[in-house]
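The values are calculated or read from the model by the stated rules, or taken from the named source; none is laboratory data. Remember, predicted model here, so these are calculated numbers, not experimental data. Note that each Cβ is placed from the backbone with ideal geometry, even for glycine, and that neighbours are counted across all protein chains shown.
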Amino acid sequence: MKDEIALLAEALHKSNHTVVLTGAGVSAESGVPTFRDTQTGLWANYRPEDLATPEAFARDPKMVWQWYAWRRQLLATVQPNPGHIALAQLQDIIPEFTLITQNVDGLHQQAGSRDVVELHGNINRTVCSDKSCSGQPEPGDKREPPWCGICATLMRPDVVWFGEAMPELAMRIALAALANCELFIAIGTSAVVYPAAGMAQQAAAKGAIVAEINLQATSLTSAAEIAIGGPSGKVLPALITFLAS
Ligand code: BV8
Ligand code: ZN
């Protein structure tokens, strides 16, 4: 693994603009179950793909709201791990750096990363189900989900569900970064969910070097010039140490 880390450090030194795409694997060492891990406890018999949809919310808003409330409670007990912290340090070491995340947990920002591109939203934000309304719930509204204080529509988590479009600004920033990056690093993502899963190819099509850090092989691994098999919470700090040496 040392050789690949040296190769990635060299590619980072040479790159004038590096894009990193993270997935749930980067938060795994903080104790956050990855998306494809079987749901534990109360949610063991649900597939995330069946809960994170507008149809599920329309059918049973209370159950979907409680799933997110359970995930928020879990997130309130975890901290960014050394992988998140290393990515925040990397932003200050290399010239131009764009961090795109599929994660909705906000742990990159908690670790100090700036201008994080949240492709799938953020579980800690709640919005009115009517996209044109900026209402928030009345304080003390204990209904599950609470109602919008302006239009009395149901509130929902500010995340992108399956079948929903990406946030416009986040997507615009991501596509602009992919169009001129020289190095693209996919970290802790199974590369299953689109459009994020197609970003490595988009970067490669513009001549970028593609690298991957993951515990397991994914559909990106064979296309990656640099593939590092290991936990991001260990590999990323080792990369920072190498860059600083
Ligand atoms: C859209 C927010 C169109 C909610 C999420 C058929 C073919 C292709 C595409 C589709 C298709 N059918 C439908 C689609 C489109 C669909 C899609 O891609 N489906 C998949 C399932 C096939 N995509 C969509 O619907 C998207 N929208 O296409 O809209 C449109 C356009 C215009 C107008 C209207 C509509 C919306 C996708 C966003 C869905 N929302 N999250 C929530 O969180 O509740 S996605 C969800 O999956 C999470 O955000 C998660 O991040 C993401 C991807 O998963 P990963 O992050 O990769 O996590 P995963 O668990 O899968 O993998 C973890 C990896 O980490 C593993 O590889 C593991 O080995 C590794 N790992 C573990 N530990 C470590 C580690 N690596 C390193 N270190 C470790 N320690
Ligand atoms: Zn409203």
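Side notes on the structure shown:
- Residue within the stretch 124-138 that is more than 16 Å from ligand 2 (Cβ to nearest atom), of a type outside the set (Gly, Ala, Ser) and part of a helix (DSSP H, G or I) present: no
Conditions (1) among the charged types (D, E, K, R); (2) surrounded by 12 or more Cβ atoms within 10 Å (Cβ to Cβ); (3) at pLDDT below 95; (4) within 11 Å of ligand 1 (Cβ to nearest atom), marked per residue:
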{"position": "Lys2", "(1), (2), (3), (4)": "yes, no, yes, no"}
{"position": "Ala9", "(1), (2), (3), (4)": "no, yes, no, no"}
{"position": "Val20", "(1), (2), (3), (4)": "no, yes, no, no"}
{"position": "Gly23", "(1), (2), (3), (4)": "no, yes, no, yes"}
{"position": "Ser27", "(1), (2), (3), (4)": "no, yes, no, yes"}
{"position": "Thr34", "(1), (2), (3), (4)": "no, yes, yes, yes"}
{"position": "Tyr46", "(1), (2), (3), (4)": "no, yes, yes, no"}
{"position": "Glu49", "(1), (2), (3), (4)": "yes, yes, yes, yes"}
{"position": "Ala52", "(1), (2), (3), (4)": "no, yes, yes, yes"}
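- Considering Ala69, Ala58, Ala86, the condition of being touching a residue at least 24 places away in the same chain (Cβ under 8 Å), surrounded by fewer than 20 Cβ atoms within 10 Å (Cβ to Cβ) and in a helix (DSSP H, G or I) is satisfied by Ala69 alone.
- Members of the stretch 118-145 found to be touching a helix residue (DSSP H, G or I) at 6+ places or on another chain (Cβ under 9 Å), within 16 Å of ligand 1 (Cβ to nearest atom) and among the charged types (D, E, K, R), listed by number: Glu118
- For Thr77: the one exception among (1) among the hydroxyl-bearing types (Ser, Thr, Tyr); (2) within 13 Å of Leu107 (Cβ to Cβ); (3) surrounded by 15 or more Cβ atoms within 10 Å (Cβ to Cβ): (3)
- Qualifying residue in the stretch 95-110 (condition: crowded, with 19+ Cβ neighbours inside 10 Å, in contact with a strand residue (DSSP E or B) (Cβ under 6 Å, 6 or more places away or on another chain) and assigned to a helix (DSSP H, G or I)): yes
- Note on the stretch 146-198: among residues that are more than 10 Å from ligand 1 (Cβ to nearest atom), in a loop (DSSP other than H, G, I, E, B) and free of Cβ contacts under 8 Å to residues at least 60 places away in the same chain, the one that is surrounded by the most Cβ atoms within 10 Å (Cβ to Cβ) is Cys148.
- Against the list (1) closer than 25 Å to Met166 by Cβ; (2) out of contact with any helix residue (DSSP H, G or I) (no Cβ under 8 Å at 6 or more places or on another chain); (3) of a type in the set (Gly, Ala, Ser), the condition Ala76 fails is (1).
- Total residues in the stretch 201-212, condition more than 10 Å from Val19 (Cα to Cα) and either among the polar types (S, T, N, Q) or touching a residue at least 60 places away in the same chain (Cβ under 8 Å) (or both): 4
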